[in-house]
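Every read-out reported here was derived from the displayed coordinates using simple, explicitly stated rules and does not represent laboratory data. Bear in mind the structure is a predicted one, so any value in this text is a computation, not a measurement.
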């Protein structure tokens, strides 16, 4: 069963955010709105605006939480792209700066950076 998010649902979420914000004011535990983001999921998302108090919460196309990168489609493919890019950068630096390229030297130089980067 699919459920579509409409303007009534957005109003309910806004009301919940206002209640949470009011609670934080009452208990003097304010939110840092600069650290809050909205990740609009799905392709047909209308991307409603949300506020904490009088500050609008910023929107983001991707978010990283606990080391996991998620994009608006819900896939974590960016999670694989970032370490691969970093590993290729390290391998390119080794390739450009090493003149003596025997098999033993290359395996010795390539293995530790790849393990540290990809794990």
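Take every DSSP beta bridge whose two residues both sit in the chain; close to 65 percent of them are antiparallel. If every alpha-carbon in the stretch 77-118 counts as one equal scatterer, what log10 I(q)/I(0) does Debye give at q = 0.14, 0.23, 0.35 1/Å? Each listed q corresponds, in turn, to -0.33, -0.74, -1.19.
Convex hull volume per residue, computed on the Cα atoms of the stretch 7-62, equals 77 Å³. Hey, of [x] -0.77, -0.88; [y] -0.86, -0.95; [z] -0.59, -0.73, which did the structure itself give for log10 I(q)/I(0) by the Debye sum over Cα atoms at q = 0.14, 0.16 Å⁻¹ when calculated? Among [x] -0.77, -0.88; [y] -0.86, -0.95; [z] -0.59, -0.73, the one calculated here is [x].
Remark: the residue 75-residue 31 segment gains 13.0 nm on full extension, using 0.36 nm per residue and subtracting the alpha carbon distance.
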